[in-house]
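Here the structure is laid out as structure tokens; the discussion comes afterwards.
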Amino acid sequence: MQNTQQRITSKTEGYKIVHIPSIMDERGGLSFAECGQLLDFTIKRAYWLYDIKDTRGGHAHKQLKQLIFCAHGTVDFILDDAVSSEVIKLDSPNKGLIINQTIWREIKNFSQDAAVIVLASDIYDETDYIRSYEEFKKWKSPY
Ligand code: TYD
């Protein structure tokens, strides 16, 4: 199977956009993500966001890696590495966002029908979260 990862050059460090393979036929679409192919981490948890009416996120993770995609609808991820920020629009079930370093994220502009799926490298652990932007800045530049 070919390696489907595609790095899109950006100023902001700590994420990459990947093409999620899909198989389309007359019955519809089927997409998949496999460890060792698309992912360089083992999935220990999945969670999903739906019926969202307001901004989510507003945190960074110390260790957690995630593959995020919008299975239906559209959403904007605002990613901030403490130096620069970028807006990543997830608008296709074939567009994956891998966040693999400590990066601040806000999640905005959910379409009414948005369904966002997150495949994560670890189980839920509140101690892995940085929920203060000041703390995040210190984490990125401790000296
Ligand atoms: P929160 O981190 O505020 O969500 P978001 O990043 O989307 O804004 O999480 C909301 C609540 O859900 C919070 O009480 C923690 C809980 N939660 C779990 O119990 N398990 C999980 O896997 C996740 C992601 C959240």
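The values are calculated or read from the model by the stated rules, or taken from the named source; none is laboratory data. Given the structure is predicted, the values throughout are model-derived calculations rather than measurements. Cβ atoms come from the backbone with ideal geometry, glycine included; neighbour counts cover every protein chain shown. Side chains included, ligands, DNA and RNA excluded: accessible areas come from the protein's heavy atoms. Shrake-Rupley method; radii C 1.70, N 1.55, O 1.52, S 1.80 Å.
Over the chain, Cα pairs under 8 Å with separation of 6+ residues give a relative contact order of 31 percent.
P21 sits among other residues whose Cβ lies under 15 Å from its own Cβ, and their net charge, with Lys and Arg +1 and Asp and Glu -1, is -1. Note on the chain: helix-only mean residue ellipticity at 222 nm, from DSSP H runs of 4+ residues weighted -39500 (n - 2.57) and normalised by residue number, equals -1500 deg cm²/dmol. Placing a pseudo-label 7 Å from each Cα along the Cα-to-Cβ vector at Y143 and K95 gives an inter-label distance of 3.9 nm.
Shape of region 1-112 from its Cα gyration tensor (a ≥ b ≥ c, root eigenvalues): rounded if a/c is under 1.5, otherwise prolate when a/b > b/c, or oblate? Taking the square roots of the gyration eigenvalues as a ≥ b ≥ c, region 1-112 is oblate.
With a simple spin-label model that places each label point 7 Å from the Cα along the Cα-to-Cβ direction, the separation between I17 and D113 comes to 2.2 nm.
Stretching K62 away from D128 to a fully extended chain increases their span by 23.2 nm, per 0.36 nm per residue minus the current alpha-carbon distance. Got a number for carbon plus sulfur as a percent of the chain's accessible area, 1.4 Å probe? Taking all protein chains in place, the chain shows 51 percent carbon and sulfur surface. Probing with 1.4 Å while keeping every protein chain in the model, the per residue accessible area of region 45-112 equals 47 Å².
Distance cut-off 25 Å, Cα to Cα: go down the list K11/K53; K53/K138; K11/K137; K11/K108 and report the pairs above it. Violating the 25 Å limit, Cα to Cα: K11/K53; K53/K138.
Anisotropy class assigned to region 44-90 is oblate, per the alpha carbon gyration tensor with a/c at or over the 1.5 cut-off and a/b no larger than b/c.
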